[in-house]
Structure formats: structure tokens, C-alpha cells
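The values are calculated or read from the model by the stated rules, or taken from the named source; none is laboratory data. Small disclaimer: the values here were computed from a predicted structure and weren't measured. Counting neighbours? That spans all protein chains shown, and the Cβs are built from the backbone with ideal geometry, glycine included. Ligands, DNA and RNA are stripped out before the accessible areas are found, and what is left, the full protein with its side chains, is counted by its heavy atoms. Shrake-Rupley method; radii C 1.70, N 1.55, O 1.52, S 1.80 Å.
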Amino acid sequence: MPHFAPDEMAQAIAKDLLSFPITHMKADLSFAEGPYRSHLNWIVDQAPAAVFAAGGTGEFFCLSPDEVETVVRTAVDEVKGVMPVVSAAGYGTAMAIDLARRAERAGADGILLFPPYLVNASQAGLAAHVEAVCKATSLGVIVYNRDNAILDAETVARLCERCPNLVGLKDGVGDIELMVRTRSLLGDRLVYLGGLPTAETFARPYLTMGVATYSSALFNFMPNFARGFYNAVRADDVATIEAGLRDFILPYTAIRNRGKGYAVSIVKAGATIVGRSGGPVRPPLTELDAKSYADLEALIGQHGDVAPGSKR
């Protein structure tokens, strides 16, 4: 049974930074449950607003449905209701429904609904997909707007009328006009989350559009920095924000942008560098090349896990 009803889950995740843990793998690429549990305990101690288990940073797209359920159940067991646990669901509608039901069975508090697999669908088709998943679960659903599944404002509004448990919209597009239109049309009916890769880059402008919070992959290995940057954004502390961007985030994203799939690989590399290894990434992702790993190691070593703008 979930610990948070849909509206309670939405209210909880809007209050603070969100953590998207990596999914730990053994050398043979099987799930490493022990290290994953240890990492979750460490993350819970850092007090994010919620844990998104088997999400994008957690290699959702590389896990089988059985593994997603196992990872989510493990997270629920470790988090113990201290904060919401949100599970990913996605692929075709039938699979997304199955994954949503598995998440509910595992005790998750919400669903992050990824785009359907491969298909470029119409707004009517995307709406039918989202509605089918919402109606298949009692959990709160957050739609992830990105790639081949970008809902326009009017589609989201119609879904909100038909699906009371649709409680959130996560933006992975970066279309400012679309976000403004959606927020203007729906107001506080939904909680709005920033979900572009390395969301810290966009955190300040998104806050002005009513985006409550964002997902931080950096929380996996630099939680103090991630928290300090989040606090600076909320306080509109321009000097600290600019220092964080200049000194760490923009150099970090430059390394990330060197290879396709590095958005996950770089997080696992960062965790390894700080002594919290999550093991290898699964195909089709690839590890950072040697130079990128060395550059990341130097960047982390230079700045460490301190709030942006702090003196070491």
C-alpha cells in the first residue's frame, strides 16, 4: 500500500529537491541489491523531497519489468515511508499499465510516465495512452513531457478533467512557451517539475515559470552542492547561482555532452569517483572514455561536495 495518496504525493515532492538514484549493477550487469540499499540509506539521510526509483538516471530503459518491480520494492523497503517513492512506467500502453500496476503492488507512491516506445503519436493518441495508465492505477501519475510524447497545454487540461490522479507534469523539452501556456491554463492543478538533463542549468528561469522543483542527478554524488544550489535558486541568490554554474555545472555538462548516453554514465562515474560506485551501465549505454573520466575526476577533486561559491 502506498504511504502517500496522489495529492499528498504531489504536495510532498513540490517542497524540495528530488533524488533520482542510480541503479547499482554487478560486473555481470545483474542488479546489485546490497549496494543499492546502502546508497538509498545514504540518500534518505540527505533528506530530498522524494526518491524516484528506476527512473531515467536509474536506467529504467535498460531494466526488465521484473527488475523494475524489484528495484522499486527495494526502494520502498529502504525508504520506509519517510518520503514518497515514485516508480517509472513507460513503453507501449499495455506495458506501461503493467509497470504501473507492478509499482502499486511494490508499494510505490506514484508513477513517472515516460513516453511510449518509438511511436510518434497524435495528441489524441498520447491522451488515450496517459488516460489508460491513470485509470489502471490508484497512484498519482506524473507525465514526463519529452522526446516523442510532448503534450500540448489543451491536451493536458483535458486529461486533468478526466484523470483526478494525474497530479504532475515533468518537462524534458525546454519549450518555454509551452510551459507558460500549460501553467497559465492549469495553474496549481498540477505540480510542475524540471526534468531536462542536468536540470540545475535551467533551474532559475524555470522557477519564474512556476516549476516547483527539479530532479537532480548530482544528488547521487554531490548532495551538499546540489542542495546548496537548490537553496540559492529558491533565494534568487544570483552570485551563488552563477558561481555554481561557472565552477561546476557548465564544465560538468560539457563533459556530459561529449558522448551519447553520457547523461547516465557521468552520474555513475561521479558516484565511483566519490567512493559510492554503482557499477557499470548497461548497454546500449557506454562508459565515459578515459579522458572524460579523468576530467570529471579532476573537476570533482577541485570543487568537492561543498555548496556552490564556498571556499574549500
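In the stretch 20-75, which residues are among the aromatic types (Phe, Trp, Tyr), over 15 Å from the mean Cα position of the chain (by Cα) and part of a helix (DSSP H, G or I)? Residues satisfying the conditions are Tyr36, Trp42. For the stretch 262-272, a residue qualifies if it is open to solvent by 40 Å² or more (accessible area, probe 1.4 Å) and either among the β-branched types (Val, Ile, Thr) or part of a loop (DSSP other than H, G, I, E, B) (or both), and exactly one does: Thr272. Checked against the criterion of being in a helix (DSSP H, G or I), among the polar types (S, T, N, Q) and farther than 20 Å from Pro284 by Cβ, the stretch 80-88 contains not a single residue that satisfies it. A search for C-beta distances below 6 Å between a residue of the stretch 210-223 that is free of Cβ contacts under 8 Å to residues at least 24 places away in the same chain and any residue that is open to solvent by 10 Å² or more (accessible area, probe 1.4 Å), counting only pairs 6+ apart in sequence or on different chains, returns nothing.
The residue list Gly279, Gly301 contains one member that is more than 20 Å from Tyr214 (Cβ to Cβ), out of contact with any helix residue (DSSP H, G or I) (no Cβ under 6 Å at 6 or more places or on another chain) and in contact (Cβ under 8 Å) with a residue 40 or more places away in the chain, which is Gly279.
Of Pro65, Pro84, all but one fail to be surrounded by 24 or more Cβ atoms within 10 Å (Cβ to Cβ), in contact with an Asp or Glu (Cβ under 7 Å, 6 or more places away or on another chain) and either at positive phi or not acidic (Asp, Glu) (or both); the exception is Pro84.
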